[in-house]
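The next block holds one structure in the form of structure tokens; read it before the comments.
The values are calculated or read from the model by the stated rules, or taken from the named source; none is laboratory data. Predicted model only: the values in this text are computed from it and were never measured. Note: ideal-geometry Cβ built from the backbone for every residue, glycine included; neighbour counts use all protein chains shown.
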Amino acid sequence: MSEMKERKDYTKGPLCLSGRGVTRIFGSGAKANTAVDHVDFDFHEGEFVSIVGESGSGKTTLSKMLLGLLNVSEGEILFQGKPRDISTRAKRNEYWKGIQAIFQDPFASYNIFHKIDAVLLDCINMRGGKNLPYEKKVEMMTEACSFVNLKFAELTNKYPFELSGGQMQRLMIARIFLLKPKILLADEPTSMVDACSRATILDMLLNLRDETGMTIIFITHDIGLAYYISDTVYIMEHGKFVEYGKADEVILNPKAPYTKRLISDVPKIHEEWDLSTVDLSDDQY
Amino acid sequence: MGKVMLEVKNLKTKYITRFGEDVYSVDGVSLKIEEGKSLGVAGESGCGKSTLALSMMGYYFPPLHYISGDIIIDGQNISGMDPDKVRTTVLGSEIAYIPQAAMNALNPTMKIIRFLEDVIHAHEPKATKAEIRERAEERFADLGLGKEVLDRHAVELSGGMKQRTVIAVSTILSPKVLIADEPSSALDVTSQKMVIKMMKEMMEKGYIRSMMFITHELPLLYNVTDDIAVMYAGQFVEYGTAKEMVFDPLHPYSHGLMGSILVPEEGTRGMNLTAIPGTPPNLKRPPAGCRFAERCKYATPECFYTAPAEKMFGENSTRMYRCLMSEEALRAKYAEEGGASK
């Protein structure tokens, strides 16, 4: 084990995004399906939050509501202490300047007809850099690319599909670096890249947080990864948060049976992996 | 030493692209799996893991082409066999394959029983539907899937169920070797565990006699397989038992790979992840020297023009690594760095 990294405590900062009784119900009447069920949360500025749960636990529905892509059935979301208002297009665009997302599938995240330059230039223009001289823009793009260990000179005039999955995901982070939103929502950004690129991407997200002080909401089903990267962990089961708290407390000393099961289901290196806890005739999985 | 179920000797295959260029995706791989044993293959995306699996089945279709080498399944050499003959005599009964996108492998318009009829008919044209159903029901019940699954369509099953169904269908003829290509990468942890448990049970009950498991999740390999091979740019760079590979990796690449493991255990949080910079070489023009040299921290000028051979080491010389540096020199380097790996 090499030397321990010092991490600043970000969980005491001012509130950035919070929710009170946030609920989403799909369908109605007898077929109503509550995907997210009265959840409360407080995300602070600069905090690295993970939302962990299995497939179908409501993680993605929650993230879509946070992004404003889905309406909230009940409850409210507060952005920087004030109720979030995204009722008109202009207000929604304003909100999206403060919140950005990285999605699971990097191959589906880019417009295949746009070159990488266009992707990055778009970000600069959106941040009000439309009238900057081109040299200045190139300088900014080069800086953003070097932040994610890519070389802009090699990328210019290429299309996104000429890159590997890990490189595409890193380019996504370069975009976020240029946009500097208040909140970044990362929905399983590493589940489609291999273990080696995953480490690079995680370290870049941590650097991004330290450099810009943005709140990062990380959605994942990999509890080991959540433990490594986050300050706070929320465990989600059937649309509810069954447990939340500091990463060390939740992972090393889990209280909820669901959390215990999730942890026991991850293959370990230093402990025996107990296969007898699963029942093959269980129809749910 | 048990009976050798699968032996691959110096297998070389290539892709021919639409511009007529050759891509040497599997370049001299040798391996051996004994009865009742499993081999894990680890490596990053694009290193040739899946191509190796496809090549081992002897089922070549353009753009994949066979160059040289032997594939011996239980004494029978299948390399260079006619693809149609491979389909009716080898696939399914000798060697079975679970593809990476198994979730999408089932035709949504067909009931599960139809896939089983398809598989069995290819090998036993005379089998009747009633016989097939009886065999399928027995096998499915034994694997905890329930015989009602047989009359369902793929869309009615959850991700984990679909994956287990695919495994049950592809192993209905009790193959000697099962090649599982990332069977659990798209599943959450609980479903993944069920898939693994089912595969282990199949092994115990003798439905499959040996297994090759491909994934990039190292903690999983450590818990599932007996041996681990690390693949890089079309070649195996290191080979050993699971325990040796995880706790004592020797090749600089496997060393880096083991440093990127994340598990929910104490100490993970303060760990420095060791990411390997750079990207794998372009296999259209494989480098003349060591393929890892460009990304290797310890590379010397010699590494760039001398290709390392496979070297055996360890107790009874059962481990293999492919590096110009000696075992002692590499260990000294790692010790110098403060033993970043556990």
A:A153 passes all but one of the listed conditions (1) within 30 Å of B:S50 (Cβ to Cβ); (2) surrounded by fewer than 23 Cβ atoms within 10 Å (Cβ to Cβ); the exception is number (1)
When the range B:66-83 is checked residue by residue, the ones that are on the phi > 0 side of the Ramachandran plot and out of contact with any Gly (no Cβ under 9 Å at 6 or more places or on another chain) are B:D74, B:G75
May I ask you to verify whether A:T88 is away from chain B (no Cβ under 14 Å), hydroxyl-bearing (S, T, Y) and exposed (fewer than 13 other Cβ atoms within 10 Å of the Cβ)? yes
Has the range A:252-265 got any residue that is at pLDDT 90 or above, of a type in the set (V, I, T) and surrounded by 24 or more Cβ atoms within 10 Å (Cβ to Cβ)? no
If a residue counts only when it is more than 14 Å from chain A (Cβ to nearest Cβ), of a type in the set (D, E, K, R) and under 19 Å from the mean Cα position of the chain (by Cα), which strands (runs of 3 or more DSSP E) contained entirely in the range B:1-89 have at least 2 such residues? B:4-16, B:22-34
Reported set for the range B:66-100 where residues are under 18 Å from B:M212 (Cβ atoms) and of a type in the set (A, V, I, L, M, F, W, C) is B:I71, B:I72, B:I73, B:I78, B:V86, B:V90, B:L91, B:I95, B:A96, B:I98
Starting from the range B:237-258, keep only residues that are closer than 17 Å to A:E271 by Cα, then list their pairs with residues that are at pLDDT 85 or above whose Cβ atoms are within a distance under 6 Å, requiring at least 6 positions of separation or different chains. B:A242/B:Y222; B:A242/B:T225; B:A242/B:I228; B:M245/B:I228; B:V246/B:Y222; B:M258/B:P249
Some residue of the range A:208-224 being touching a His at 6+ places or on another chain (Cβ under 8 Å) and in contact (Cβ under 8 Å) with a residue 40 or more places away in the chain: yes
Residue list for the range B:239-251, filter: in contact with a strand residue (DSSP E or B) (Cβ under 7 Å, 6 or more places away or on another chain) and either assigned to a loop (DSSP other than H, G, I, E, B) or hydroxyl-bearing (S, T, Y) (or both): B:Y239, B:T241, B:P249, B:L250, B:H251
Which one of these is over 16 Å from B:K37 (Cα atoms), modelled with pLDDT of 90 or more and touching a helix residue (DSSP H, G or I) at 6+ places or on another chain (Cβ under 9 Å): B:M231, B:M194, B:M212? B:M231
Just the residues that are more than 10 Å from every other protein chain (Cβ to nearest Cβ), of a type outside the set (D, E, K, R) and free of Cβ contacts under 8 Å to residues at least 60 places away in the same chain, please, taken from the range A:242-256. A:V242, A:G245, A:N253, A:A256
So which residues in the range A:72-110 are free of Cβ contacts under 8 Å to residues at least 24 places away in the same chain and either farther than 29 Å from A:P14 by Cα or hydrophobic (A, V, I, L, M, F, W, C) (or both), if there are any at all? A:I86, A:A90, A:A108
Return a yes/no flag: does the range B:53-73 have any residue that is among the polar types (S, T, N, Q), buried (at least 18 other Cβ atoms within 10 Å of the Cβ) and farther than 21 Å from B:S191 by Cβ. yes
Somewhere in the range A:36-51, is a residue within 24 Å of A:I223 (Cα to Cα), touching a helix residue (DSSP H, G or I) at 6+ places or on another chain (Cβ under 9 Å) and of a type in the set (S, T, N, Q)? yes
Just checking, how many residues over the range B:285-303 are farther than 21 Å from A:K151 by Cβ and either crowded, with 19+ Cβ neighbours inside 10 Å or of a type outside the set (A, V, I, L, M) (or both)? 9
Considering only the range B:252-295, state which residues are more than 14 Å from chain A (Cβ to nearest Cβ), assigned to a loop (DSSP other than H, G, I, E, B) and under 25 Å from the mean Cα position of the chain (by Cα). B:K284, B:R285, B:P286, B:P287, B:C290, B:R291
Only one of (1) without any contact (Cβ under 8 Å) to a residue 60 or more places away in the chain; (2) under 26 Å from the mean Cα position of the chain (by Cα); (3) within 14 Å of another protein chain (Cβ to nearest Cβ) does not apply to B:E337, and that is (2)
Just one of (1) in contact with a Leu (Cβ under 9 Å, 6 or more places away or on another chain); (2) at pLDDT below 90 trips up A:R24, so point out which. (2)
Do you know which residues across the range B:304-313 are surrounded by 11 or more Cβ atoms within 10 Å (Cβ to Cβ) and either in contact with a strand residue (DSSP E or B) (Cβ under 7 Å, 6 or more places away or on another chain) or among the hydrophobic types (A, V, I, L, M, F, W, C) (or both)? B:F304, B:A307, B:E310, B:K311, B:M312, B:F313
Answer yes or no as to whether B:R164 is modelled with pLDDT of 90 or more and out of contact with any strand residue (DSSP E or B) (no Cβ under 6 Å at 6 or more places or on another chain). no
